[in-house]
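For reference, the structure is listed below as structure tokens.
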Amino acid sequence: MSTRAATEHSEKAYALLKADAEKIRKLIEVQMDNLTMPQCPLYEEVLDTQMFGLSREIDFAIRLNLIDEHTGKQILSELERKLAAFHEATVGG
């Protein structure tokens with residue numbers, strides 16, 4: 001694979017992972033706004049399942065050398081920070 005193709009694949013993988021992280025953030029935002037509170041087991045299960053799925057996608061991209069481990073951890077950390085900030089703003093605690 002050429003360097004250019006590898007770079008394009010890496011950029012696409014990064015964009016897809018970021019988009020998936022954003023989908024999780026939006027899903028949790030909608031759920032908190034309309035359905036349940038964070039103490040609800042459904043909320044926790046959805047969040048755990050979605051975060052686990054994203055972490056597996058990231059692991060797969062790392063194993064394919066599409067992104068490096070630091071970048072993968074950054075994506076998860078950024079999402080966790082956004083969710084924590086949203087949770088705090090929503091429930092005040």
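The values are calculated or read from the model by the stated rules, or taken from the named source; none is laboratory data. Remember, predicted model here, so these are calculated numbers, not experimental data. Cβ placement follows ideal geometry from the backbone for every residue including glycine, while neighbour counts extend to all protein chains displayed. Please note that ligands, DNA and RNA were not included when accessible areas were found on the heavy atoms of the full protein model with its side chains. Shrake-Rupley method; radii C 1.70, N 1.55, O 1.52, S 1.80 Å.
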#### Entry: Linear extension gain, E69 paired with L42, 0.36 nm per residue minus alpha-carbon span
6.7 nm
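Once you charge only the Cβ atoms, +1 for Lys and Arg and -1 for Asp and Glu, what is the size of the charge dipole of the chain about its Cα centre, to the nearest 20 debye?
On the way: 11 positive and 16 negative charges, 56 e Å.
In total the dipole reaches around 260 debye.
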### Query
If you roll a 1.4 Å probe over the chain with all protein chains in place, what percent of the accessible area is carbon or sulfur?
56
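Which of the helices in the chain, when you take each full DSSP H run, stretch at least 24 Å along the axis at their Cα atoms and have an average Kyte-Doolittle score of -0.5 or higher?
Working: long enough: 3-34 (46 Å, -0.69); 41-63 (33 Å, -0.04); 69-91 (33 Å, -0.46).
Span-like helices, by this rule, are 41-63, 69-91.
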### Message
Quick check on the chain: helices-only [θ] at 222 nm, where DSSP H runs of length 4 and up contribute -39,500 (n - 2.57) each and the sum goes over total residues. Nearest 500, please.
### Response
-30000 deg cm²/dmol
### Message
Report, to one decimal in Å, the Kirkwood hydrodynamic radius for the stretch 1-92 based on all distinct Cα pairs.
### Response
14.1
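Whole number in Å², please: accessible area per residue of the stretch 8-68, 1.4 Å probe, ligands, DNA and RNA not counted. Working shown, then result.
Numbers: 4010 Å² over 61 residues.
With the other protein chains kept in place, the stretch 8-68 gives 66 Å² per residue.
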### Query
Given springs between every Cα pair under 10 Å in a Gaussian network model of the chain, which of L64, L47, L17 has the largest fluctuation?
L64
### Message
Which one, V46, S10, A21, projects farthest toward the positive side of the charge dipole computed for the stretch 1-91 from Cβ point charges (K/R +1, D/E -1)?
### Response
S10
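For T71, T3, T49, T90, give me the order by solvent-accessible area with a 1.4 Å probe, most accessible first, ignoring ligands, DNA and RNA. Walk me through the numbers on the way to the answer.
Values: T71 30, T3 110, T49 80, T90 55 Å².
Final ranking, largest accessible area leading: T3, T49, T90, T71.
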### Task
Might you work out the accessible area of R25 for me, using a 1.4 Å probe with all protein chains in place, and round it to the nearest 10 Å²?
50
